[in-house]
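Chemist: Input: one structure, supplied below.
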Amino acid sequence: MSALSRPFLPTLVRRERASLAAALLAPPMALAAATVLNLGLYVLMGRDPVAVVHAMLLEPFLSWASFSEVLLKMGPLLLIAQGLAIGFRAKVFNIGAEGQFILGAIFASAIPVWFPQATGKWIWPVMLLLGALGGALWASLTAFWRVRLNANEILVSLMLSLVAAQFLNYLLLGPWKDPNGFNFPQSVMFQYDAMVPILISGTRVNVSLLLTIALSFAAWIFMQKSFIGYKLQVGGLAPRAAGYAGFNEAWAIWLSLLMGGCAAGLAGAAEVAGPLGQLQRSISTGYGYAAIIVAYLGGLHPIGIVASALFMAALYIGGDNAMVSANLPIAAVRVFQGSLLLAYLIAVAFVRYRLEWHRPAYRSQP
Amino acid sequence: MNALEFILAGMLAAATPFLLAALGELVVERAGVLNLGVEGMMAFGAVVAFIIVHQDGGHLLGFVAAGLGSAALSLVFAVIALGLRANQVAIGLAIGVLGQGLSALFGKSYESLTVKGLPRLALPWLSEIPVVGGLFMQDVVVWLSLAATLAIWATFAYTKLGLVIRAIGENPKAAHAIGYSVVAVRFAAVAFGGAMAGFAGAYAAVVYTPLWADGMIAGRGWIAIALVVFGTWLTGRIFLGACLFGAVSLMGLAAQATGLDVPSQVLASLPYLVTIIVLGVISADRRLLKLNGVASLGEPFER
């Protein structure tokens, strides 16, 4: 395209080296841009923008009661996003974490649903293990389809999530429905030993938060320090180089999906054995999809993901606040999430590129 | 009316949301771009059309606005993916979340409201044939979708425009070298895909099931993307695939009507299960995908 055909548009020029300043500025810039855009939307909808900002972005941090709820919400988002990010860096796009999360919750619920009288300290840890197993099994279907049948993992994992949601409905309306539950689509309430112990008394924050933070640390070691993590990243950045180096692609796909499935399944188990205390439809509120955004916003880096998970959790709690105090529909949270990710992707493009308003006289050959 | 007649009569209407969205995505992918935001663009088109039809703006205005609205959403994708060369998978997912969020936000006060659909137009003689006659009684949008299918097939098979789009998808550097603007053609293809997704959503919301419910697209945008793979990027096969999914989504209703004792959740997941199985069968033939696939799919173009 000649310069004359679009004289008013700048050209995008690749930087000689990635810009650290742009990388550090991208998240706050994206947040600022998304906030301004969404406030504009709220004003158009006739809401008071000051009240919305206060309820949505400040209130979650202003009291211990609401901040503990943020921590509670952060758990599943953080856990799922850490698992997904490992796959995303290897260019394995598992977007079916929602289904793996649901299967984890179902597997974990099997113990209290089938053995409601069982007691003992072993119950909740076994439930968490079962949850991780359930998530991994569900993800292994996607891995099999991708490795053996060459099928696109994005489509297969997403379809499996839709199937998982129907399976959950089937269980809750059929065989696992609480017979004394007034026909509500939910299981029996779990017994005391099937609940993860509370970590901070007076709140709903439980021991699984410690587990999540420990696993985040493990993810950091794995991705930044271990040889296996390095092989996965090379596979994502330069698949052909990885092939020449003898790194097996099929193995990378299996590993990525199984780790993602384990993490999501564990998160599902911790949700039913934690704040919910029973298997119900409301476990599937889109954590698996939101975690994709968390993973990208965190720059696919284990430490960045901790920060983005905390922020996204606050956004959920803030969205609930804004629904009550500023009469803002809860769907506004999804709009905010989507626009935040778009703003971030725009901002992060400038890490590797810069805009030039005049055509460079000389360009090196690619 | 027996189950077969029921499926034959309803199949094309049920297939239309799949068909329109998949045809749009076909053009996008043929130009070498992967836009995974179809589900969100359909949801956005659906809510735009529903609001306009509910405010008595009429179906024509509803469809036009839905097409324009979703095309605008797809241009956001185009600016970031083509202008800034960012990761197309991530942008597509973000557009999907944004579109579904906007759909839920704007549709909030219309929940469970209904509008009037469109009348069916019967072809003379043909619609009176026993058993298959129902196939020839369809609303105007179905007939237009069939025309669009033919037009897109002919564009790719016979016109220079079709050839240019395919060349840009196969080898953008070569197309650029002989003077075609890769980015401009890709922008246009993405906008076309967005408009088609908008029409697909509009059909789902104001013709096929003219009742507003949040999440009413229910994975149809994703199935449309899968259909492009099923059809190995060929218009005719995508049409057949869309008909198959139209029939599958009616099978649930037909089975319930005949009193078959299958949990409704199994029937509801039937389209998703069929997608997974067909995707496995088609993709397992690696040669077929290599032969028909688009070489530069999803890769940003850099001169």
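Chemist: Calculate the mean, over all residues of peptide A:320-333, of how many other protein chain Cβ atoms lie within 10 angstrom of the residue's Cβ.
Modeler: Partner Cβ neighbours, averaged per residue: 2.
Chemist: Take residue B:256 and residue A:51, extend 7 Å from each Cα along the Cα→Cβ direction, and tell me the distance between the two endpoints in nm.
Modeler: Spacing of the two 7 Å Cα→Cβ label points: 4.1 nm.
Chemist: So, one more: Could you please report the charge total around residue B:134, scoring K, R as +1 and D, E as -1 over all other residues with beta-carbon less than 15 angstrom from its beta-carbon?
Modeler: Computed value for this residue: -2.
Chemist: Would you tell me the accessible area of residue B:112, worked out with a 1.4 angstrom probe on the heavy atoms of the protein chains, in Å² to the nearest 10?
Modeler: The accessible area comes out at roughly 80 Å².
Chemist: Give the B-A buried accessible area in Å², both sides summed, 1.4 Å probe, nearest 100.
Modeler: Approximately 4100 Å² gets buried when B meets A.
Chemist: So for chain A, averaging the separation of alpha carbon pairs under 8 Å that are six or more residues apart and normalising by length, what relative contact order in percent results?
Modeler: Reported relative contact order: 37 percent.
Chemist: Mind checking which of A:252, A:238, A:105 has the largest fluctuation in a GNM of chain A, springs on alpha carbons under 10 Å?
Modeler: Evaluated over chain A, the most mobile residue of the options is A:238.
Chemist: Largest first, what is the accessible-area ranking of A:86, A:213 with a 1.4 Å probe?
Modeler: Solvent-accessible surface, decreasing: A:213, A:86.
Chemist: Does region A:222-359 come out rounded, prolate or oblate by the C-alpha gyration tensor, with a ≥ b ≥ c the root eigenvalues, rounded set by a/c under 1.5 and, if not, prolate when a/b is larger than b/c and oblate if not?
Modeler: oblate
Chemist: May I pose another question? Determine the share of region A:66-305's accessible area contributed by carbon and sulfur atoms, expressed in whole percent, with a 1.4 angstrom probe.
Modeler: Answer for region A:66-305 is 68 percent, counting heavy atoms of protein chains only.
Chemist: So, taking all protein chains as they sit and a 1.4 Å probe, how much accessible area belongs to residue A:228, in Å² rounded to tens?
Modeler: The value for residue A:228 is about 70 Å².
Chemist: Shielding by partners for B:254-265, please: the mean number of other protein chain Cβ atoms within 10 Å of each residue's Cβ.
Modeler: Per residue, the average neighbour count from other chains is 2.
Chemist: Follow-up question, since we're still on this one. Of B:43, B:63, B:83, whose Cα points farthest to the positive end of the dipole of chain B (charges on the beta-carbon: +1 Lys, Arg; -1 Asp, Glu; origin at the Cα centre)?
Modeler: After comparing all options, I get B:83.
Chemist: Right, next: Using alpha-carbon pairs under 8 Å, 6+ residues apart, how would you state the relative contact order of region B:29-158 in percent?
Modeler: 26 percent
Chemist: To the nearest 20 debye, what charge dipole does the protein assembly as shown have about its Cα centre, counting +1 at the Cβ of each Lys and Arg and -1 at the Cβ of each Asp and Glu?
Modeler: The dipole of the protein assembly as shown has a size of about 2100 debye.
Chemist: Once the other residues with Cβ under 14 Å from the Cβ of residue B:155 are scored (Lys, Arg +1; Asp, Glu -1), what is the net sum?
Modeler: Once positives and negatives cancel, what remains is +3.
Chemist: Taking 8 Å as the Cα distance limit and 6 or more residues as the minimum spacing, I'd like the relative contact order of chain B as a percentage.
Modeler: It rounds to 38 percent for chain B.
Chemist: Of A:173, A:242, A:260, which is farthest towards the positive pole of the protein assembly as shown's charge dipole, taken about the Cα centre with +1 and -1 on the beta-carbons of Lys, Arg and Asp, Glu respectively?
Modeler: Positive-end residue among those listed: A:242.
Chemist: While we're looking at this one, here's another question. So which lysines pass the test for residue B:173, namely a Cα distance under 21 Å, with those fewer than 8 places away in the same chain ruled out?
Modeler: B:160, B:290
Chemist: Does region B:1-103 classify as rounded, prolate or oblate by the C-alpha gyration tensor (a ≥ b ≥ c root eigenvalues; a/c under 1.5 gives rounded; else a/b over b/c gives prolate, otherwise oblate)?
Modeler: oblate
Chemist: Here is a follow-up. Per residue of chain B, what 222 nm ellipticity follows from adding -39500 (n - 2.57) for every DSSP H run with n ≥ 4, rounded to the nearest 500?
Modeler: The per-residue figure over chain B is -22000 deg cm²/dmol.
Chemist: Tabulate in residue order the Karplus-calculated ³J(HN,Hα) for region A:94-105, using 6.51 cos²θ - 1.76 cosθ + 1.60 with θ = phi - 60°, rounded to whole Hz; enter x for Gly and Pro.
Modeler: Karplus values, whole Hz, x for Gly and Pro: 7, 10, x, 4, 4, x, 5, 5, 5, 5, x, 5.
Chemist: Turning to a different aspect of this structure: Could you tally the net charge around residue A:104, taking each other residue with its Cβ under 12 Å from the Cβ of residue A:104, Lys/Arg +1 and Asp/Glu -1?
Modeler: Charge balance in the 12 Å sphere: -2.
Chemist: In deg cm²/dmol, rounded to 500, what helix-only [θ] at 222 nm does chain A give when every DSSP H run of at least 4 residues adds -39500 (n - 2.57) and the total is split over its residues?
Modeler: Computed ellipticity for chain A at 222 nm equals -22000 deg cm²/dmol.
Chemist: Find how many whole Å separate the alpha carbon centroid of region A:300-361 from the alpha carbon centroid of region B:157-188.
Modeler: Region B:157-188 and region A:300-361 have Cα centres spaced 34 Å from each other.
Chemist: Hey, another quick one. Rounded to whole Å, give me the distance from the Cα center of region A:140-180 to that of region B:199-273.
Modeler: 17 Å
Chemist: Now for a different question. Indicate the gyration tensor shape class of region A:66-305 (rounded, prolate or oblate), computed on the Cα atoms with a ≥ b ≥ c the square roots of the eigenvalues: a/c under 1.5 is rounded; otherwise a/b larger than b/c is prolate and the rest oblate.
Modeler: Prolate shape, in that a/c is at least 1.5 and a/b is the bigger ratio.
Chemist: On the full set of protein chains, 1.4 Å probe, figure out the accessible area of residue B:301 and give it in Å² to the nearest 10.
Modeler: Accessible surface of residue B:301 is approximately 30 Å².
The values are calculated or read from the model by the stated rules, or taken from the named source; none is laboratory data. Quick caveat: nothing in here was measured; it's all calculated off a predicted structure. Every residue, glycine as well, gets a Cβ built from its backbone with ideal geometry; the counts of neighbours run over all protein chains shown. Only protein heavy atoms, including side chains, enter the accessible area calculation; ligands, DNA and RNA are left aside. Shrake-Rupley method; radii C 1.70, N 1.55, O 1.52, S 1.80 Å.
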